[in-house]
Amino acid sequence: QVQLVESGGGPVQAGGSLRLSCAASGRTFSSSGMGWFRQAPGKERTFVAAISGSGVSTYYANSVKGRFTISRDNARNTVYLQMSSLKPEDTAVYYCAARGVMALATRPAAFDSWGQGTQVTVSS
């Protein structure tokens, strides 16, 4: 299992930007497909974005497409989520997740390691 440590969350006003980081350790980072999920108050955890081990393939939830960008720096064992044009609906705890293969995935069950989560609060 890979260990994931998230950072970068915090309060931000609507329309603002925030970059989340997820530092990974425990296995070869480049072999791990990565994903970001979020859980809003009183709601289920949902998919946000995913990236393949190489970074070549990415995929986004429709709700964040065009506003969020997932990227990774394998040399630094870190995956990022650049969040722009933030909306109050984006308020949630954001979780980084890893899987043991390079392929991109969007299902929570496809990921076997999870970070502790970082709170993003967007006010209007």
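The values are calculated or read from the model by the stated rules, or taken from the named source; none is laboratory data. What you see is a predicted model, and the numbers here were worked out from it, not measured in a lab. Reconstructed Cβ throughout: ideal geometry from the backbone, glycine too, with neighbour counts over all protein chains shown. Surface areas here come from the heavy atoms of the whole protein model, side chains and all, with no ligands, DNA or RNA. Shrake-Rupley method; radii C 1.70, N 1.55, O 1.52, S 1.80 Å.
Of the residues that sit in region 98-109 and are small (Gly, Ala, Ser) and farther than 19 Å from ASN62 by Cβ, which one is least open to solvent (accessible area, probe 1.4 Å)? If we take residues in region 98-109 being small (Gly, Ala, Ser) and farther than 19 Å from ASN62 by Cβ, then ALA98 is least open to solvent (accessible area, probe 1.4 Å).
With a requirement of 2 or more residues that are surrounded by 14 or more Cβ atoms within 10 Å (Cβ to Cβ) and hydrophobic (A, V, I, L, M, F, W, C), the strands (runs of 3 or more DSSP E) lying completely within region 1-76 that satisfy it span 3-7, 18-25, 34-39, 45-51, 68-73. If you go through region 82-119 and keep only what is at positive phi and in contact with a Phe, Trp or Tyr (Cβ under 8 Å, 6 or more places away or on another chain), you end up with just GLY117. Checking each residue in region 100-124 for being of a type in the set (S, T, N, Q) and in a loop (DSSP other than H, G, I, E, B) picks out THR106, GLN116, SER124. The set of residues in region 84-105 that are modelled with pLDDT of 95 or more and more than 13 Å from GLU6 (Cβ to Cβ) comprises SER84, SER85, LEU86, LYS87, PRO88, GLU89, ASP90, THR91.
Give region 110-120 a look and list any residue that's surrounded by 16 or more Cβ atoms within 10 Å (Cβ to Cβ) and either in contact with a Leu (Cβ under 8 Å, 6 or more places away or on another chain) or more than 23 Å from SER31 (Cβ to Cβ) (or both), or say none. Reasoning before the result, please.
Our first condition is that a residue be surrounded by 16 or more Cβ atoms within 10 Å (Cβ to Cβ); within region 110-120, this holds for 110-111, 113-115, 117-118, 120.
Within region 110-120, SER113, TRP114, GLY115, GLY117, THR118, VAL120 meet the criteria.
Just so you know, in region 43-71 the residues that are within 18 Å of GLY9 (Cβ to Cβ) and basic (Lys, Arg) include one that is modelled with the highest pLDDT, and it is ARG67. Evaluation of LEU86 against the conditions (1) buried (at least 16 other Cβ atoms within 10 Å of the Cβ); (2) in a strand (DSSP E or B) shows that the sole unmet condition is (2).
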